[in-house]
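Colleague: Here it is: the structure, laid out below.
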Amino acid sequence: MLCLKAYDKENKIIAVARGEEEVSLVISREYQEGDRLSLESSGNGNYIWLQLDDALGKSLCYVTGVIDYKIPFGEKRISVAPKAFSGNKHLLYARLAKDYEIKSYRNLALNVNDQHGDVNCYPHASANVETRGEAVFAAKNAIDGVVVNSGHGEWPYQSWGINRNPDAAMKLDFGRKVKIDRVVLYTRADFPHDSWWTNATLTFSDGSTMELPMEKSALPHEFEFEPREVEWLELSKLIKSDDPSPFPALSQIEVYGTDL
């Protein structure tokens with residue numbers, strides 16, 4: 001059973017829809033600050049195609065409980081597409097994934113529905129540093145599927161910003177064990193405003209590590225390795241180039257593999 005709901009700031013239900021394996025919810029009103037969306041699913045550990053806004057698109061998520069999503073307003077709005085959550089008609093959608101979809105080789109890092117503090121919808125990105133705590137530099141931006149890296153700031157140039165901190169680290173949690181063999185990094189390339197990293201380190205949940213040598217480039221940095229079975233990975237030990245700019249950043253991380 002799947003159930004999509006929308007609530008107002010007083011926790012009153014605005015709209016609701018239910019379905020056994022698939023459900024759509026149309027909301028015919030403008031969102032107001034304090035509104036939130038939720039997805040409830042029976043059982044624990046469901047693979048669900050989830051779309052919380054038609055402008056965001058959908059992702060195949062691993063869901064371990066009730067998802068509670070706060071509609072972004074103010075400063076938090078500028079890291080998502082201007083069309084997202086705007087207007088007076090919105091389409092939400094959820095569907096249980098098919099077995100062949102779950103087992104397919106794909107980017108296991110992608111989640112357009114990620115948010116701060118969410119622990120029931122995976123993959124989930126978090127970091128020990130996010131520049132000035134601003135939404136346009138949040139870790140979740142690095143798994144939203146937007147790979148354009150020729151600018152910085154508001155959408156579509158949102159990124160993970162490290163606030164010039166050499167000890168910055170970003171964790172990508174899959175919420176279950178997966179088998180991976182390739183990582184792709186889109187580093188931000190708004191030169192000359194941006195700098196770049198000459199090396200970074202991936203630490204995997206199995207205890208292994210991997211060095212990621214990089215160079216100044218707007219192109220994706222691709223790294224292949226022997227398959228690993230992991231539950232999470234962490235990107236850290238970010239070595240900045242000697243470029244005068246103090247602003248290296250990550251636009252997107254992709255991690256390819258399959259569910260076990």
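The values are calculated or read from the model by the stated rules, or taken from the named source; none is laboratory data. Just so it is clear, the structure is predicted and the values come from calculations on it, not from any experiment. Note that each Cβ is placed from the backbone with ideal geometry, even for glycine, and that neighbours are counted across all protein chains shown.
Colleague: Restricting to region 47-78, count the residues that are of a type in the set (A, V, I, L, M), touching a residue at least 60 places away in the same chain (Cβ under 8 Å) and farther than 26 Å from residue 104 by Cβ.
Modeller: 1
Colleague: Quick check: is even one residue across region 59-79 under 23 Å from residue 231 (Cβ atoms), at pLDDT 95 or above, of a type in the set (A, V, I, L, M) and part of a loop (DSSP other than H, G, I, E, B)?
Modeller: There is at least one residue in region 59-79 that is under 23 Å from residue 231 (Cβ atoms), at pLDDT 95 or above, of a type in the set (A, V, I, L, M) and part of a loop (DSSP other than H, G, I, E, B).
Colleague: Take region 229-245 and flag every residue that is in a strand (DSSP E or B) and farther than 27 Å from residue 178 by Cβ. Quick ask: steps written out before the conclusion?
Modeller: We begin by selecting, within region 229-245, every residue in a strand (DSSP E or B); these are 229-240.
Those that are in a strand (DSSP E or B) and farther than 27 Å from residue 178 by Cβ: 239, 240.
Colleague: Within region 205-226, restricting attention to residues that are free of Cβ contacts under 8 Å to residues at least 24 places away in the same chain and out of contact with any strand residue (DSSP E or B) (no Cβ under 8 Å at 6 or more places or on another chain), which residue is surrounded by the most Cβ atoms within 10 Å (Cβ to Cβ)?
Modeller: Checked region 205-226; the qualifying residue surrounded by the most Cβ atoms within 10 Å (Cβ to Cβ) is 219.
Colleague: If we keep just the residues of region 151-191 that are more than 18 Å from the chain's Cα centre (by Cα) and of a type in the set (S, T, N, Q), which is surrounded by the most Cβ atoms within 10 Å (Cβ to Cβ)?
Modeller: Step by step, filter region 151-191, then rank; the result is 163.
Colleague: State which residue is surrounded by the fewest Cβ atoms within 10 Å (Cβ to Cβ) when the search covers only region 2-24 and only residues that are more than 25 Å from the chain's Cα centre (by Cα) and of a type in the set (A, V, I, L, M).
Modeller: Among those that are more than 25 Å from the chain's Cα centre (by Cα) and of a type in the set (A, V, I, L, M), it is 13.
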